[in-house]
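K.L.:
Just passing along the structure, written as structure tokens.
The values are calculated or read from the model by the stated rules, or taken from the named source; none is laboratory data. Owing to the predicted nature of the structure, the values given are computational and were not obtained by experimental measurement. Reconstructed Cβ throughout: ideal geometry from the backbone, glycine too, with neighbour counts over all protein chains shown. Accessible surface is based on the protein model in full, side chains and every heavy atom, while ligands, DNA and RNA are left aside. Shrake-Rupley method; radii C 1.70, N 1.55, O 1.52, S 1.80 Å.
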Amino acid sequence: MTKPTAQPVWGELQAHFAKIKDMRLAELFAVDPARAQRYAVQTCGLSFDFSRTHMTDETLALLTALASAQDVEGWRSKMFVGEKINHTEGRAVLHTALRAQTDAPILVDGQDVLPAIRALQAKMKAFTAAVREGSWTGATGKKITDVVNIGIGGSDLGPRLVVKALSQQADGPRVHFAANVDAADLHGALRGLDPATTLFVVVSKTFTTQETLLNATQARAWLVAALGEAAVANHFVAVSTNKQAVEAFGIKTDNMFPLWDWVGGRYSLWSSVGLSIALAVGWDGFAQMLSGAAAMDAHFCAAPLDQNAPVLAALVGLWYRNFWNTPALAVLPYSERLRELPRFLQQLDMESNGKSVTKAGEPVDYATGPIVFGECGSVGQHSFHQWLHQGPSMVLADFIGVKADDLNAPEAHRVLSVHMNAQIEALKSGRQSDDPARVNAGNKPSMVVWMDRLDPAHLGALIAFYEHKVFVQGLLWDLNSFDQFGVELGKKLAQEMLG
Ligand code: F6P
């Protein structure tokens, strides 16, 4: 457990930065036209292109040396085998076990977690099949046509991202989301729904989150007003670790899908938290998503550091954050279906690495996680891209595109892809002009991801890639990426103010 700044290679990186800081991306391509092939990784049907970053072979060697010095490989193993690397909460971090493709034991406190995971998956599979086929009905015997996922943070953003992203594959009930305690959110979700055909999935790891409990209570009242108290059993299920609180709310434990403390909220969509996803796309689609994520896990565990997509992305992010002083990461998916990705990554990254003390509790003397923001292309081009192109700050941009036109809309697909490539090129090369107002400085870095297609497996791999990237950055910065004590104070004050 060492601050990165205490590693000798940090000084070497500083010296190296001083040497190359005036080198422009265009020059890097001019002296090394093959860099687009060399600074790239293909895995799991995704291609990652890091060539439009201020990286030379020397940079890469120094950054990977930093990753070795921070023992990224050692910590990676600790996470996968179930060591309690979330030391401030005394918890293992095992979202990867949820997508394990074998039953090789993974022990937490001497107990194999796989049997419980398989039992949960069997329960999710049976339940989602029953709802989708119509053998699970509402209280009046009608088939469920609409599902409302009530949750917030990790109990909302992951399922919301995936349900939207897989809308082409969705053939089950329509899934709606209510997260905000502002009544407008639940009212909006319920508008036009029939209580007799609506199923509520109340998702809260702790089952103490005030916003979720209030929304669930309001939803219950809406249902009971129409169908009576007895209807709750057919129309409410819960996802939680907190059996007692679920029972106290009036949901029977038969209708509860468990979760464990070794699944962090922002890493939980692979668990019972993903129930709404499985309801929307079916168990097979959900399982394909798990296997896509498992393929990325395998890549992350096996690929050498300098050819490892999540590790490289983490190192590039650190390079910009700590040496080029970039304050932000722009997430720019060129896919309407990936519109929720920036919001999902905001929580994943900012809640994980928005920290100021090391694992040992010492204050950091270096920048940690960036501000994450974004919007899908090409919509964002017509709002904040101006700032990316002509603002004085340099930010790193992640572009995510989809190769296959699975919407069978060739012209729209071509225009969208061309816009993405045009933005990447404009940021890299800029534009000269005699009129200062028309100059695009260029020399702005980006990482480009192309997904072969947008389906459950590729999406699973993409999300797992980002999870591991954020984890590696936390290791590089010597943070515990798995607690979130910063959010507690506001919750406590609000409770006190509410009396
Ligand atoms: O307030 C932050 C947080 O604890 C997140 O980490 C979590 O995803 C969210 O609240 C929701 O928590 P729960 O699932 O326990 O309702």
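K.L.:
What size of dipole, in debye to the nearest 20, comes out for segment 292-351 about its Cα centre when the only charges are +1 on Lys and Arg C-beta atoms and -1 on Asp and Glu C-beta atoms?
P.N.:
In debye, rounded to 20, segment 292-351 gives about 140.
K.L.:
How many nm separate the modelled label positions at T253 and I371, each set 7 Å beyond the Cα in the direction of the Cβ?
P.N.:
4.8
K.L.:
Quick one: the Cα spread of the chain along its three principal axes, in angstroms, biggest first?
P.N.:
Result for the chain: principal-axis Cα extents of 72, 54, 49 Å.
K.L.:
Give the carbon-plus-sulfur fraction of the accessible surface of the chain in %, rounded to a whole number; probe 1.4 Å, heavy atoms of protein chains only.
P.N.:
In the chain, the share of accessible area belonging to carbon and sulfur is 54 percent.
K.L.:
For segment 435-486, what does the alpha-carbon gyration tensor say about shape, rounded, prolate or oblate, given a ≥ b ≥ c as the root eigenvalues, a/c under 1.5 as rounded, and a/b over b/c as prolate?
P.N.:
Oblate, because a/c is 1.5 or more while a/b does not exceed b/c.
K.L.:
Right, next: Can you order the peptides 94-105, 309-320 by their average number of other Cβ atoms within 10 Å per residue, highest first?
P.N.:
Highest-to-lowest ranking by the protection proxy: 309-320, 94-105.
K.L.:
Going toward the positive end of the dipole of the chain, with +1 on Lys and Arg Cβ and -1 on Asp and Glu Cβ, which of L214, L227, A412 do you reach last?
P.N.:
L227
K.L.:
Let me know the charge dipole size of segment 107-278 about its Cα centre in debye, to the nearest 20, where only the beta-carbon of Lys, Arg (+1) and Asp, Glu (-1) is charged.
P.N.:
Details: 15 positive and 14 negative charges, 69 e Å.
Once rounded to the nearest 20, the dipole reads 320 debye.
K.L.:
Would you rank L193, L416, L214, L269 by solvent-accessible area, highest first, keeping every protein chain in place and using a 1.4 Å probe?
P.N.:
L214, L416, L193, L269
K.L.:
A further question on this structure: Once the Cα atoms of segment 107-278 are picked out, what are the Rg and Dmax in Å?
P.N.:
That works out to 15.1, 50 Å for Rg and Dmax.
K.L.:
If amide hydrogens are placed 1.01 Å from N in the peptide plane, which non-local residues have theirs closer than 5 Å to the one on T43?
P.N.:
F48
K.L.:
Volume per residue, Å³, of the convex hull around the alpha-carbon atoms of segment 155-253? The partial results should precede the final answer.
P.N.:
On the way: hull volume 10.4 nm³, N = 99.
Given the Cα convex hull of segment 155-253, per-residue volume reads 105 Å³.
K.L.:
Size of the dipole of the chain about the Cα centre, Lys and Arg at +1 and Asp and Glu at -1 on the beta carbon, nothing else charged, in debye to 20?
P.N.:
420
K.L.:
Something else about it: What is the Cα radius of gyration of segment 1-139 over 2.2 N^0.38 Å, N being its residue count?
P.N.:
Against the compact-globule rule of thumb, the ratio is 1.61.
K.L.:
Still on this structure, please answer the following. Among A313, F399, F323, flag the residue with its Cα farthest along the positive direction of the charge dipole of segment 311-412, charges on Cβ as +1 for Lys/Arg and -1 for Asp/Glu.
P.N.:
About the Cα centre, the residue reaching furthest to the positive side is F323.
K.L.:
Could you rank I152, I85 by how accessible they are, 1.4 Å probe, largest area first?
P.N.:
Listed by decreasing accessible area, they come as I152, I85.
K.L.:
Distance between Cα centroids, segment 246-272 to segment 192-235: provide it in whole Å.
P.N.:
With segment 246-272 and segment 192-235 each reduced to a Cα centre, they are spaced 16 Å.
K.L.:
Please give the helix 488-498 orientation as an angle from the longest Cα principal axis of the chain, in degrees from 0 to 90, rounded to the nearest 10.
P.N.:
Here the helix axis deviates by roughly 40 degrees.
K.L.:
Then there's this: Going 7 Å from the Cα of L498 toward and past its Cβ, which residues in segment 206-224 have a backbone nitrogen under 13 Å from where you end up?
P.N.:
207-218
K.L.:
Given I20, W260, A92, which one lies farthest toward the positive end of the charge dipole of the chain, if we put +1 on the Cβ of every Lys and Arg and -1 on the Cβ of every Asp and Glu?
P.N.:
The residue sitting most towards the positive pole is W260.
K.L.:
Shifting gears a bit: Per-residue ellipticity at 222 nm for the chain, helices alone: DSSP H runs ≥ 4 residues times -39500 (n - 2.57), over residue total, nearest 500 deg cm²/dmol?
P.N.:
Calculated from helices alone, the mean residue ellipticity at 222 nm is -13500 deg cm²/dmol.
K.L.:
With the other protein chains left in place, how much accessible area per residue, in square angstrom, belongs to segment 107-278 at a 1.4 angstrom probe?
P.N.:
38
K.L.:
Could I ask something else about it? With every protein chain left in place, what is the accessible area of T56 in Å² (1.4 Å probe, nearest 10)?
P.N.:
Solvent-accessible area, nearest 10 Å²: 30 Å².
K.L.:
Give me the net charge for the shell around D455: Cβ to Cβ below 15 angstrom, other residues only, Lys and Arg +1, Asp and Glu -1.
P.N.:
Combined, the nearby Lys, Arg, Asp and Glu give -1.
K.L.:
If you restrict to DSSP beta bridges whose two residues both lie in segment 107-278, what percentage is antiparallel, to the nearest 5?
P.N.:
So the antiparallel bridges amount to about 15 percent of the total.
K.L.:
Calculate, for segment 21-82, the solvent-accessible area per residue in square angstrom, rolling a 1.4 angstrom probe over the heavy atoms of the protein chains.
P.N.:
Here the per-residue accessible area is 42 Å².
K.L.:
Hey, what angle do you get for helix 410-429 against the long axis of the chain, alpha-carbon based, 0 to 90 degrees rounded to 10?
P.N.:
For helix 410-429, the angle is close to 40 degrees.
K.L.:
Tell me the angle of helix 8-20 to the major Cα principal axis of the chain, expressed in degrees between 0 and 90 and rounded to the nearest ten.
P.N.:
Its long axis makes an angle of about 60 degrees.
K.L.:
Same structure, new question: Would you please give the FRET efficiency between C301 and A34, computed as 1/(1 + (r/R0)^6) with r the Cβ-Cβ distance and R0 = 30 Å, to the nearest 0.05?
P.N.:
0.55
K.L.:
Hey, can you grab everything whose amide H is under 5 Å from the amide H of V372? Only 5+ residues off in sequence or another chain; H modelled, so Pro and N-termini drop out.
P.N.:
Placed amide hydrogens put L329 under 5 Å from V372.
K.L.:
Would you give the gap between the C-alpha center of segment 310-359 and the C-alpha center of segment 425-499, rounded to a whole Å?
P.N.:
2
K.L.:
Now a separate question. Okay, which of segment 58-99 sit inside 17 Å, backbone N to the point 7 Å along the Cα-Cβ direction of I20?
P.N.:
58-68
K.L.:
Also: Over the chain, what is the relative contact order in whole percent, taking alpha-carbon pairs under 8 Å and six or more residues apart?
P.N.:
After rounding, I find 20 percent.
K.L.:
Cross-link list K143/K469; K125/K243; K355/K403: which exceed 30 angstrom alpha carbon to alpha carbon?
P.N.:
Among K143/K469; K125/K243; K355/K403, the Cα-Cα distance tops 30 Å for K143/K469; K355/K403.
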